[in-house]
Amino acid sequence: KHKGCVALVGAIGTGKTTLLNCATIKVFQGHKVYRHAFDATVNTEAELARILCSVLEVPQTDFVDELVTHLRNRETTCVVLLEHGYELFMRRIGGLDVIRSLLQIISKSSQNVFWCLSMTESTWQFLDAAVRISEHFTYVIETRNLSENQLEQAVMARHEVSGYGLRFSPENSQSVARRLKK
């Protein structure tokens, strides 16, 4: 395990992105933060390297080792937030190569980079069984274990910076019934 590696694990809709938003504003303020949400399956190690080079503003390369060299040579530390980790593997022969490459990048650069990877609970469990992903992260934060108060604080922190007011109004069973009739 390395000092700069956090996994954020939870079902879809449990507040992983909101938690990252709050951390960016409250915790990582003053640090260089790079953030990327994988929106499609990453098929090769070279594709992963190209995506990370673009996100991290380092010279383009198709090679993981070259990317690691660039990260190790950084003069200042940075924060990298990666969302949708389920896009980094495929359930087929050779389908774990990309996630293994990311774990290699994380382990070799964690002295200069604070890594945070978010993914669904089912993906985490599968990858833990397949490649022991949990051994590569110092902390695993499970969003399903957040208390109602912690979730409310995260929502309120997010809305504080939006500039918009936020009001919770109790649902009235009569107004719900009227809306359903319409």
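Listed values, structure above:
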item: Nearest 10 degrees, 0 to 90: helix 97-109 Cα axis against the chain principal axis; result: 80 degrees
item: Å² of accessible area per residue within the chain, as computed with a 1.4 Å probe and no ligands counted; result: 59 Å²
item: The chain, relative contact order in percent, only Cα pairs under 8 angstrom and at least six apart counted; result: 35 percent
item: Tail weight of P(r) past 17 Å, computed on alpha-carbon pairs of segment 18-104, percent; result: 52 percent
item: Among Ala129, Ala23, Ala46, residue whose mean-square fluctuation peaks in a GNM of the chain (springs only between Cα atoms under 10 Å); result: Ala129
item: P(r) weight above 20 Å for the chain, C-alpha pairs, percent; result: 58 percent
item: Carbon/sulfur fraction of accessible area - the chain, other protein chains in place, 1.4 Å, %; result: 50 percent
item: Expected 222 nm ellipticity per residue - DSSP helices of 4 or more, -39500 (n - 2.57), all of the chain, to 500; result: -12500 deg cm²/dmol
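The values are calculated or read from the model by the stated rules, or taken from the named source; none is laboratory data. Since this is a predicted model, take the numbers as computed values, not measurements. Accessible surface is based on the protein model in full, side chains and every heavy atom, while ligands, DNA and RNA are left aside. Shrake-Rupley method; radii C 1.70, N 1.55, O 1.52, S 1.80 Å.
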